[in-house]
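Trainee: Encoded as structure tokens, here's the structure I'll be asking about.
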């Protein structure tokens, strides 16, 4: 009798998983109005000191920065995501970088600027209404393969939309460590949408990017 109960429980559990898998992960929807005005996009940066932050905190002060190849790949994914969201009329990171260099040069010899003052200066140099500033706060690669890991991927990202004229900032924060199905059955739809596999840090970041840009109206 006990064995029968166990079999029934397993069958019910499997049925729940089947239903959850069928539901899938709903397509993210914009939760803010699209900003009206000109837009520039900065490349991803990886702050290693608190003064480089627009908000939040640094897990390890003075840590070694991420490899530039990771940041460049994220820049490409950000551009693809904006295009997928039909945000196409903006000044890209390559152009924004020129103004970043100009602002840094103009402030040479001046006491260290706050991150807000720096990025507002970049936005003014770009002559835009809004500036999108993406930052990688924490990045842990998956330790293992798609079918099994010693440690899952984990990322912390911040996306800041600066209103240059009003000197205000909107923030969208993404923080996730992938969990297994047994760790969190309530995220089963996300588990199945990922093909039931362990994803890389970049794949995790791309998912977060898709959602968080919409929170900023982008």
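Trainee: Are any of the residues in the range 120-132 modelled with pLDDT under 95 and within 23 Å of the chain's Cα centre (by Cα)?
Mentor: no
Trainee: Kindly evaluate residue 204 against the criterion of being at pLDDT 90 or above, outside any strand (DSSP E or B) and out of contact with any helix residue (DSSP H, G or I) (no Cβ under 9 Å at 6 or more places or on another chain).
Mentor: Here the answer is yes, as residue 204 does meet what is asked.
Trainee: Any chance the range 92-109 includes a residue that's within 16 Å of residue 212 (Cβ to Cβ), at pLDDT 80 or above, in contact with a helix residue (DSSP H, G or I) (Cβ under 8 Å, 6 or more places away or on another chain) and surrounded by 11 or more Cβ atoms within 10 Å (Cβ to Cβ)?
Mentor: No, that holds for no residue.
Trainee: Go through the range 35-73 and give me each residue that's under 18 Å from residue 131 (Cα atoms) and over 16 Å from the mean Cα position of the chain (by Cα).
Mentor: Passing the criteria: 35, 36, 37, 38, 39, 40, 52.
Trainee: Consider the range 136-168. How many of its residues are outside any loop (DSSP other than H, G, I, E, B) and closer than 18 Å to residue 90 by Cβ?
Mentor: 5
Trainee: Looking at the range 186-200, is at least one residue touching a strand residue (DSSP E or B) at 6+ places or on another chain (Cβ under 7 Å), farther than 23 Å from residue 96 by Cβ and at pLDDT below 95?
Mentor: Yes, the range 186-200 contains a residue that is touching a strand residue (DSSP E or B) at 6+ places or on another chain (Cβ under 7 Å), farther than 23 Å from residue 96 by Cβ and at pLDDT below 95.
The values are calculated or read from the model by the stated rules, or taken from the named source; none is laboratory data. Quick caveat: nothing in here was measured; it's all calculated off a predicted structure. Please note: Cβ atoms are built from the backbone with ideal geometry, for glycine as well, and neighbour counts cover all protein chains shown.
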